[in-house]
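Participant: Below you will find the structure I want to go over with you.
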2 protein chains.
Amino acid sequence: MTLRQVGEEKLLAQLAPRLRQNARIIRGVGDDCAVLKTATRSDWLVLKTDAVVAGVHFPEAAEPQKVGWKAMMRPLSDFAAMSGLPEFALITLAISPAAKLAWVRGLYRGLSAAAARFAVAIVGGETSATRGATVVAVSVSGRVEPNRCIFRDGGKLGDELFVTGSLGGSRAGRHLKFVPRIREARWLTSQFKIHAMMDLSDGLGTDLPRLARASKLGFAIDQNTLPVSKGSSIREAISDGEDYELLFAISPRDCARLKKLWRRKFPRLRLTRIGRLNNKAQSADRHFPSGYAHFRQRR
Amino acid sequence: MTLRQVGEEKLLAQLAPRLRQNARIIRGVGDDCAVLKTATRSDWLVLKTDAVVAGVHFPEAAEPQKVGWKAMMRPLSDFAAMSGLPEFALITLAISPAAKLAWVRGLYRGLSAAAARFAVAIVGGETSATRGATVVAVSVSGRVEPNRCIFRDGGKLGDELFVTGSLGGSRAGRHLKFVPRIREARWLTSQFKIHAMMDLSDGLGTDLPRLARASKLGFAIDQNTLPVSKGSSIREAISDGEDYELLFAISPRDCARLKKLWRRKFPRLRLTRIGRLNNKAQSADRHFPSGYAHFRQRR
């Protein structure tokens, strides 16, 4: 059986149980980041690695600065999802020996600019020759206060679901220059009890069912309220992926205050209530078109 | 100009000064691992990422378990070089959607077995499609006591140079099943004041000049004392690379005690004095054949 037939989610589900657990793992495989207790540290250690591949996550002809920006911002968006604070990054670059030095310099300009935006220090870089497609992997380490770390599985029955920004059409350009919602996530956890949160990387149609499943709940969406990007259809807003917006669940009691304070704090960024968490039996899951599935689509 | 013309070392030297520094970086780009101070932790945070690429670091036909073993053990060998203790690992896999599920399971068996050997927990896995060569990147986070962290640049004039094990011929098979010298490094720093240390990944001919340069010293080698692997020539012992043995510098005052205690502690592992650190003017650097240079060799 090939990976295309299995799909990424089932692949990881197959591999995860074989990994050894230990008492210091708060979260391992299966949430946006790994979250770990350390013996000599009061806050939790947060780790995330992610890669962009030429021809898959960026066009071969993309400007190297933009490739570097995206490669750094993708794992930082996972930090936003947990309300984590990124601190240090390591870069692994697999690239052809025939590649131009100027391209790699451009890549590092993009990586550095993105890291600087969130005061992340690039503290290591490894470069390997490859005869295949360029791969830029970025590993980020950081921290989070235990009482501000938000997982996918904390959603409660009746919670309202919100998304930041607008959805759909990211691949037309935004995916190479987005800014992860770290500032917004940190503000949310400083002001509210957020029950569950994740970042939208594979599309609402794939990611929302993940959050609901992790919380052992179903969900209902009002498709007419979805914050659809200009020029996109509702279907694209659900399925395109690469939005890098936050999806979170919060008690209905907090909604009015959330909307009011948000407008004051982030007047230029939309915050939209898109639905709620309900019982599994009522869920729209089966009728929801899915987002981007790794290995399943040939692009 | 292409990367092949520049070479990895000069490439990193070009990129490093552009990276922002900050007060918490004990070591960034340029040593075996990054070493960092954290606000809420008494010991230092150690980070390392490394990748193996099909057709470069392993033959396409290699058993997946062995590929996984090597992918994990390479960054752990860098932990040994600092006398660090690895704790957590994240895996990034870029692989063709047409790859077999059985191959990925074999890879993870190898990764898990290698991690378990040093009580490292695999806490995250990301998988990306690629149309090119398979890339397995492993990022490891861990810790080290500030008084036991050994850098490359601490060598002192007159220090004796030692290597563990034997050198050369690793690519005939050992490179897929070696065991990093973490136990040995931890013992060394518990018993002795080690001045400088690194792991031999690119060959003594490349790595020793790096250690000497970092320490602003030269070196003298007695080629006849080199611990050459069975079936290898002296030249191969110097140039093959992928030995994953320790090279370290220690005061001549400690040599007799080191040899005696080592024989008792590690009776089955050679420890060989191969030369000493001297003034730059006397150095053998210019006449030393070099080891494996990334991007320079076409294999």
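Participant: Set the Förster distance to 45 Å, then compute FRET efficiency between A:Ala61 and B:Ala102 from the Cβ-Cβ distance, nearest 0.05. Please report the intermediate quantities before stating the final value.
Facilitator: Values: r = 36 Å, r/R0 = 0.79.
Efficiency computed from Cβ-Cβ geometry: 0.80.
Participant: A further question follows. If the label for A:Asn147 sits 7 angstrom from Cα along the Cα-to-Cβ line, what are its distances to the same label in every other copy, in nm to one decimal, shortest first?
Facilitator: 3.6
Participant: So, one more: Sum -39500 (n - 2.57) across every DSSP H segment of at least 4 residues in the protein assembly as shown, then divide by the residue count to get the 222 nm mean residue ellipticity, nearest 500.
Facilitator: Estimated from H runs of four or more residues: -8500 deg cm²/dmol.
Participant: Taking each label point as 7 Å beyond Cα in the direction of the beta carbon, state the distances from B:Lys260 to the same residue in the other copies, shortest first, in nm.
Facilitator: When each copy's label point is compared with this one, the spacings are 7.9 nm.
Participant: On to the next question. For the protein assembly as shown, what proportion of DSSP beta bridges, expressed in % and rounded to the nearest 5, is antiparallel?
Facilitator: About 80 percent, rounded to the nearest 5.
Participant: Any idea what the dipole of the protein assembly as shown comes to, in debye rounded to 20, about its Cα centre with Lys/Arg Cβ at +1 and Asp/Glu Cβ at -1?
Facilitator: Numbers: 98 positive and 54 negative charges, 148 e Å.
I would put it at about 700 debye.
Participant: Then there's this: Modelled label-to-label distance, A:Ala256 and A:Thr225, 7 Å Cα→beta-carbon offset: nm?
Facilitator: Result: 1.6 nm between the two label points.
Participant: Which of the lysines could a cross-linker bridge to A:Lys193, judged by Cα under 20 Å and excluding same-chain residues fewer than eight apart?
Facilitator: Straight-line reach from A:Lys193, under 20 Å: A:Lys156, A:Lys216, A:Lys259, A:Lys260, A:Lys265.
Participant: Sticking with this structure for a sec: Once you sort the root eigenvalues of the Cα gyration tensor of the range B:183-288 as a ≥ b ≥ c, which label holds: rounded (a/c under 1.5), prolate (a/b larger than b/c) or oblate (the other case)?
Facilitator: oblate
Participant: If you don't mind, there's one more thing I want to ask. How would the range B:133-191 be classified by its alpha-carbon gyration tensor: rounded, prolate or oblate, with rounded meaning a/c under 1.5 and the a/b versus b/c comparison settling the rest?
Facilitator: Note, shape of the range B:133-191 comes out oblate.
Participant: While we're looking at this one, here's another question. Using only the Cα atoms of the range B:1-141, build the gyration tensor, take square roots of its eigenvalues as a ≥ b ≥ c, and label the shape rounded, prolate or oblate: rounded if a/c is under 1.5, else prolate if a/b is larger than b/c, else oblate. Walk me through the numbers on the way to the answer.
Facilitator: Details: a/c = 2.20, a/b = 1.29, b/c = 1.71.
Here the range B:1-141 falls in the oblate category.
Participant: With r defined as the distance between the Cβ atoms of B:Glu145 and A:Ala113 and R0 fixed at 35 Å, what FRET efficiency is calculated, to the nearest 0.05?
Facilitator: After rounding, the FRET efficiency stands at 0.50.
Participant: Using only alpha carbon pairs under 8 Å that are at least six residues apart, calculate the relative contact order of chain B and give it in whole percent.
Facilitator: 22
Participant: Summing +1 for each Lys or Arg and -1 for each Asp or Glu, what net charge is found among the other residues whose Cβ lies under 10 Å from the Cβ of A:Val228?
Facilitator: +1
Participant: Please work out which residue of chain B brings its Cβ closest to the axis of the rotation superposing B onto A, and round that distance to whole Å.
Facilitator: B:Gly132, 1
Participant: What is the antiparallel percent of DSSP beta bridges lying wholly in the range B:1-138, to the nearest 5?
Facilitator: Here the antiparallel bridges make up roughly 55 percent for the range B:1-138.
Participant: Of all beta bridges DSSP finds with both residues in the range B:85-203, what is the antiparallel percent, to the nearest 5?
Facilitator: Working: 9 of 17 bridges.
So the antiparallel bridges amount to about 55 percent of the total.
Participant: Between copies, how close do the B:Gln282 label points come, placed 7 Å along Cα→Cβ, listed in nm from shortest?
Facilitator: Reported distances to equivalent positions: 8.5 nm.
Laboratory data are not the source of any read-out in this text; all were calculated from the coordinates shown. Since this is a predicted model, take the numbers as computed values, not measurements. A quick note on method: Cβ atoms are made from the backbone with ideal geometry, for glycine too, and the neighbour counts reach across all protein chains shown.
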